[in-house]
Amino acid sequence: MEIIVKSEVQVPPQVSVFMRNLAVLLPSLCLAAALTGCGMGAINIESVTSQEHAGLQGNVHGGQQPISGATIQLYTVGSTGNGSAAHAMISVPVLSGPDGTFTLSPGNVPLYTCANPTDQVYIVASGGNPGLTPSTIYNNAAVMMTALGDCGSLTTSTFITINEVTTVAAAWALAPFATSATNIGASATNATDLAGASDANGLPTNSRGLPHAMLDAQLLVNNTTGMAATLPANLAVEPGKLYALADILSTCVNSDGGSACTPLFAAATPPSGVVPADIFTAALDIVKNPGYNPSGVFAVLPGTPPFATVLTASPNDWTLSLSVTGGGISSPAGLDIDRYGNVWVADYTGALSEFSPQGAALSPASGYGVGYLVESYGLAIDTKGNVWVSNEQSSPNAAGSVSKFNGSGSGSPGTVVMNGSYTNFYDASLDFPDALSAAPNGDILIANSSGNGATAYTVAGAVVSPTGLGAADASSITALATDSSNGVWLANSEGNTVTHVASNGTIIGNVSCCDGANGIATDSNNNAWIANYYGNSFSIVSSSNTASPGDAIVQNGSPLLGTNPSTSTTYLSGPAGVAVDAGQNVWIANYRGQSISNLAGINHSTSTTLGAMLSPAAGYGYPSGDPNDPAIFALPDQIVADASGNVWVSDPGKNKLVMFFGIATPTRMPVMPTPVAP
């Protein structure tokens, strides 16, 4: 292996000594190892560039200023859990030149000997001199990175920029998987792009959450130019925040790493946390605690920023969103995510839409199912990957029906599954079906909004019971959620109760708890979290409930939540959809509040109250008042977290989906019924 280092590079003293010693020692070490072979040849420290080898190339910049002498390292992500140690791929330091450029030639980096071409890789530049005098100044705090993705995609023509924009893009996308620049990883079933093994239904057991997050980073930045990515017409991000946070990091990057970094590190320090010591850790602290100190972080923005941002005032928070349109989306309501990471959406106007994990429209411009979907609100994905959609009114049954579609792995996604000679499934127990939920045994549970309880169908579409489950206590069911025993929770919006029904139809409990129950989700303890649309509040009902309301852990009217962001430290406004991620964090869409809220779930810290608001008073995504930071939402409705830690929200008011990068705990999808890690 031949390593080429140009002599004009300003080499930090400790690296220079190391390399000179290595040049002397390696030939003798290789001779001693002749019987078993040696993976390294002599190091050639050249004084000219005439023998430049083709390889992976790039540059390192702080703002618009090249950084010389930065140490370049390529990593493959860890595979033993979120934040697990990454694996360094370069055994001998490679440094950036005076103009910030570097070359990783095939001889000095095992680019073509990855354990698997779909191993996920990223590149880090540490230290170096950002153009300061004298040239021996070395900024140890300047740790920046670029998320690359599949190792096999790297070629000799690949050019990579490492700067503040690529760094914040990586931080937003990889936050659920990262604790530092050297600790980025996921579980073995969520860290690689390989399909892996399949379950009994032929669906992949590998969730691909981290590979999808690598691609998410490239929705934010062009890795070649180091500037905001150019997106398809159906996608839009918040470039003001992207460049503003990059500018904020630049105040430390373009310095000697001393006092100039103090304002950034102080503003980025998380509550009860440790002061960050480098740029990437500071970026992680900010995006992992996006609502903690947004104005303090914004105050670090330099007067003459290197990246022109349109953000002129502090945002409400430092979340970053992707808006998604197309694919026939129109008045989107129910949504779910399949084993492939694809997002499925029921459009109330009568269509089914499908999107890739990065928001590319997979359904046609008119959507799937046009002509036989009518007033479609609910959606669920069953254990075989089929997609079910409710129709509140449709023929031949005026009281509604459900439609079944082939899923992503079928070879014909979006194709309707016929029920004999009919395109829809129906029976006498349906009564204006609304929300849907999938049970672990494959059954589909259907909420009848006119009060006839819940209908249960098998995965094949056969009715399980000719009468509605929980009909005696149900009253205008607007949402439902299955439990781990194949039972179901029914949210009764008019009765202000929640009914818990066993799989055999026995009513376990009917708890008075709520005020316009509109959304419901279960956590890993089978507790039900309910969004109270009229009460601007939430309720939690324990899994051990009886008919007595005394079993409600949190009752409607609790002082935990207020109703007005100007007078209360926490609030919900017309809460609709509810989701619980694998970290047991609770997410609620504020239909009337133009935001989403994050609540502390059952795994909350001992210093945090169950149900305490973790997001800002107005929720995440709420407009800041800056005309260049407009409202993301009009009417956020349903909500779900994915295997990359992104949170997806349907918004019928703006006919779009909104995805927030990396704010949740990665969660295996679809959730059936309680959230688990992928």
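Structure data summary
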| quantity | calculated |
| --- | --- |
| Matching residues, the stretch 286-327, being over 29 Å from M613 (Cβ atoms) and either buried (at least 24 other Cβ atoms within 10 Å of the Cβ) or among the aliphatic types (A, V, I, L, M) (or both) | A308, V310, G327 |
| Tally, over the stretch 568-594, of residues that are surrounded by 23 or more Cβ atoms within 10 Å (Cβ to Cβ), polar (S, T, N, Q) and free of Cβ contacts under 8 Å to residues at least 60 places away in the same chain | 1 |
| Cross-chain or 6+ apart pairs with Cβ under 8 Å, the stretch 603-620 first and modelled with pLDDT under 85, then small (G, A, S) and buried (at least 22 other Cβ atoms within 10 Å of the Cβ) | L610/G601 |
| Yes/no for Y377 being among the aromatic types (F, W, Y), touching a Phe, Trp or Tyr at 6+ places or on another chain (Cβ under 7 Å) and either surrounded by fewer than 22 Cβ atoms within 10 Å (Cβ to Cβ) or under 22 Å from M672 (Cα atoms) (or both) | yes |
| Those residues of the stretch 474-488 which are closer than 20 Å to P675 by Cα and touching a Ser or Thr at 6+ places or on another chain (Cβ under 7 Å), in sequence order | L480, A481, T482, D483, S484, S485, N486, G487, V488 |
| Checking T312 against (1) modelled with pLDDT of 95 or more; (2) among the hydroxyl-bearing types (S, T, Y); (3) over 21 Å from V416 (Cα atoms); (4) part of a loop (DSSP other than H, G, I, E, B), the condition it does not meet | (1) |
| Verdict on V463 being touching a strand residue (DSSP E or B) at 6+ places or on another chain (Cβ under 9 Å), buried (at least 18 other Cβ atoms within 10 Å of the Cβ) and within 26 Å of L203 (Cβ to Cβ) | no |
| Any hit, the stretch 125-138, residues being of a type in the set (A, V, I, L, M) and surrounded by 22 or more Cβ atoms within 10 Å (Cβ to Cβ) | yes |
| Candidates A236, A283, filtered to the one that is surrounded by fewer than 21 Cβ atoms within 10 Å (Cβ to Cβ) and of a type in the set (G, A, S) | A236 |
| A233, sole failed condition from (1) of a type in the set (A, V, I, L, M); (2) over 28 Å from T269 (Cα atoms); (3) in contact with a strand residue (DSSP E or B) (Cβ under 7 Å, 6 or more places away or on another chain) | (3) |
| Residue count for the stretch 250-283, restricted to those that are in a helix (DSSP H, G or I) and either over 22 Å from Y122 (Cα atoms) or in contact (Cβ under 8 Å) with a residue 40 or more places away in the chain (or both) | 18 |
| Top-ranked residue in the stretch 349-375 [being modelled with pLDDT under 95 and among the hydroxyl-bearing types (S, T, Y); ranked as nearest to S408 (Cα to Cα)] | Y372 |
| Test: residue in the stretch 411-427 that is in the same structural domain as A361 (by TED's automatic domain parsing), of a type in the set (D, E) and either crowded, with 24+ Cβ neighbours inside 10 Å or farther than 19 Å from A491 by Cα (or both) | yes |
| Those strands (runs of 3 or more DSSP E) lying entirely in the stretch 370-446 with at least 3 residues touching a Ser or Thr at 6+ places or on another chain (Cβ under 9 Å) and in contact (Cβ under 8 Å) with a residue 12 or more places away in the chain | 387-391, 401-405, 433-438 |
| Hey, N190 surrounded by 22 or more Cβ atoms within 10 Å (Cβ to Cβ) and in a loop (DSSP other than H, G, I, E, B) or not | yes |
| Residue match in the stretch 171-183 (condition: surrounded by fewer than 23 Cβ atoms within 10 Å (Cβ to Cβ), in a loop (DSSP other than H, G, I, E, B), at negative phi and of a type outside the set (A, V, I, L, M, F, W, C)) | yes |
| Residues (among the polar types (S, T, N, Q) and farther than 24 Å from N525 by Cα) located in the stretch 445-489 | N448, S449, S450, N452, T455, T458, S465, T467, S475, S476 |
| Among (1) at pLDDT below 95; (2) surrounded by fewer than 16 Cβ atoms within 10 Å (Cβ to Cβ); (3) more than 21 Å from L320 (Cα to Cα), the one test that P271 misses | (3) |
| Evaluation of S259 against (1) modelled with pLDDT under 95; (2) small (G, A, S); (3) surrounded by fewer than 22 Cβ atoms within 10 Å (Cβ to Cβ) (one fails), failing number | (1) |
| Among the residues listed as A634, A589, A582, the single one being over 17 Å from the mean Cα position of the chain (by Cα) and either modelled with pLDDT of 85 or more or not hydrophobic (A, V, I, L, M, F, W, C) (or both) | A634 |
| Test for P276: is it at pLDDT 95 or above and over 26 Å from W648 (Cα atoms) | yes |
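The values are calculated or read from the model by the stated rules, or taken from the named source; none is laboratory data. Predicted model, so just to flag it, every value in this text is computed and none were measured. No Cβ is skipped: glycine too gets one built from the backbone with ideal geometry, and neighbour counts run over all protein chains shown.
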